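Step one of this worksheet: look at the structure below.
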Amino acid sequence: MHNPKSAASFLIARAKSLQLRHHNYRFLTSTSRSLLFTPFISTRFFSGHYNIEQFSDDEYDCDFENHQASSTVANVDEWKWKLSMLLRNEKDQEIVSRDKRDRRDYEQIANLAKRMGLYSELFGKVVVASKVPLPNYRPDLDDKRPQREVVIPLSLQRRVEGLVQEYLDRLQLNSEKTIDSLDNVNSKNQVKDIDMDENANSFVDESVMEKVLQKRSLRMRNMQRSWQESPEGKKMLEFRKSLPAYREKEGLLQAIARNQVIVISGETGCGKTTQLPQYILESEIESGRGAFCSIICTQPRRISAMAVSERVSAERGESLGETVGFKVRLEGMRGKNTHLLFCTSGILLRRLLSDRNLSGITHVFVDEIHERGMNEGSSSTSS
Ligand SMILES: Nc1ncnc2c1ncn2[C@@H]1O[C@H](COP(=O)(O)OP(=O)(O)OP(=O)(O)O)[C@@H](O)[C@H]1O
């Protein structure tokens, strides 16, 4: 009844079962040995050393005896080499493999990694060996989970950065104040030196404020540069450079630096309103004084104050109310970090009534002065 073919196939199957039994036998016998190895493995594992020279081939060979029937010695050998390279390589932190046979051999790879002081994990179909402990789940290796790239607008990113930094600055300011007040409480001559303490306090406050402003200025510079270097920023800069005002930029900045009052005239649409105040703001930020400057630019109408501030914010890659804001009667958008404010001339006039010196303001632009409304006339004579 036996044909030679089926006999041959039977023989092969038999040989396989023999082989299996052989492995099982060796596996069973080596179980007790693996117990003996346990302390050795632990010390290697927890010692944190990645000294591959400490592992002789014998040790690996010995471990290979524990493999299941499906293991491929060549594959594990390859992993031995890969893990050694990982240990040698200072830059790489992990090896990621999606190879099917690696999954099949995972237990051996994990064993090998552990003995070499490495960590390993099987994430679905992916084998990872790493120098650092691995989490239970890795979203980046989850093939079932759709990978979506979330692009945060640069303006939003900057706003978040700005808010976080402002919060940190305030924390620092508060902690320094607390230390200062504690020092005062501990002082033995508290009553006697009360006036001196007050002076010291205001001095400390000023110097702390100075530090905060310096920090903020650096941050403003970094943000400005990152916008100017971004593709959108470069595109915007190209447009701005095409305006006639750009050719006069350096001359204008010099004239402003040398004179207290200057009159600028230019054709319609050359960039007087949107560019000139911005040149000053940019140059102050670039020279690290951004947080110390405060520019006001008046507009004859509410609508133009709002529209221009929005345009200038967009040219700077920001949301309205960040570095650039506006203020008109009953409405406004400006924040603590607003350093260029577009407002109606009426708003400036009202401010002049209560503060003739415009304290804190570094530059005033009175735009559309040729319209010479009542407000423009009054504010230009006052400032
Ligand atoms: N909201 C906007 N959107 C797109 N481009 C704008 C916007 N506002 C201004 N521009 C562009 O910027 C250029 C400069 O405008 P800006 O208002 O600064 O000129 P101006 O010299 O003040 O003009 P005017 O004398 O009429 O006030 C304009 O030519 C226009 O091309």
request  = Take Leu134 and decide whether it is open to solvent by less than 10 Å² (accessible area, probe 1.4 Å) and modelled with pLDDT of 90 or more.
outcome  = no
Per the filter on the range 104-121, residues open to solvent by 30 Å² or more (accessible area, probe 1.4 Å), among the acidic types (Asp, Glu) and not in a helix (DSSP H, G or I) are Glu121
Listed by first then second residue, the pairs whose first member lies in the range 299-317 and is open to solvent by less than 10 Å² (accessible area, probe 1.4 Å), whose partner is within 9 Å of the ligand (Cβ to nearest atom) and not polar (S, T, N, Q), with beta carbons under 6 Å and at least 6 positions apart or on separate chains, are Gln299/Asp367
Tell me, please, whether a residue that is exposed (fewer than 15 other Cβ atoms within 10 Å of the Cβ) and modelled with pLDDT under 65 can be found in the range 205-223.
-> no
Scanning the range 69-103 for residues that are among the polar types (S, T, N, Q) and under 19 Å from Pro133 (Cβ atoms), the one surrounded by the most Cβ atoms within 10 Å (Cβ to Cβ) turns out to be Ser97
When you check Val324 against the structure, is it aliphatic (A, V, I, L, M), under 26 Å from the mean Cα position of the chain (by Cα) and near the ligand (Cβ under 10 Å from one of its atoms), yes or no? no
Those residues of the range 243-263 which are within 16 Å of the ligand (Cβ to nearest atom), under 34 Å from the mean Cα position of the chain (by Cα) and part of a helix (DSSP H, G or I) amount to Tyr246, Lys249
Report whether or not Ser313 is in a loop (DSSP other than H, G, I, E, B), of a type in the set (S, T, N, Q) and within 16 Å of the ligand (Cβ to nearest atom). no
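Do you know which of the residues in the range 264-297 that are assigned to a loop (DSSP other than H, G, I, E, B) and within 14 Å of the ligand (Cβ to nearest atom) is surrounded by the most Cβ atoms within 10 Å (Cβ to Cβ)?
Once the filter is applied, the top-ranked residue is Gly271.
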So, first residue more than 12 Å from His363 (Cβ to Cβ) in the range 262-281, second residue more than 6 Å from the ligand (Cβ to nearest atom) and in a helix (DSSP H, G or I), Cβ within less than 6 Å, six or more apart or across chains; the pairs are Cys270/Pro244; Cys270/Ala245; Gly271/Ala245; Thr273/Val308; Thr274/Val312; Gln275/Ala245
Scanning the range 327-351 residue by residue, those among the hydrophobic types (A, V, I, L, M, F, W, C) and open to solvent by 10 Å² or more (accessible area, probe 1.4 Å) turn out to be Leu330, Met333, Leu341, Ile347, Leu349
* Could you please let me know if Leu358 is in contact (Cβ under 8 Å) with a residue 12 or more places away in the chain, open to solvent by less than 60 Å² (accessible area, probe 1.4 Å) and on the phi > 0 side of the Ramachandran plot? => yes
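The values are calculated or read from the model by the stated rules, or taken from the named source; none is laboratory data. Bear in mind that the values here come from a model prediction, so they are computed numbers and not experimental data. A quick note on method: Cβ atoms are made from the backbone with ideal geometry, for glycine too, and the neighbour counts reach across all protein chains shown. Quick note on the areas: whole protein, heavy atoms, side chains included, nothing else; ligands and nucleic acids left out. Shrake-Rupley method; radii C 1.70, N 1.55, O 1.52, S 1.80 Å.
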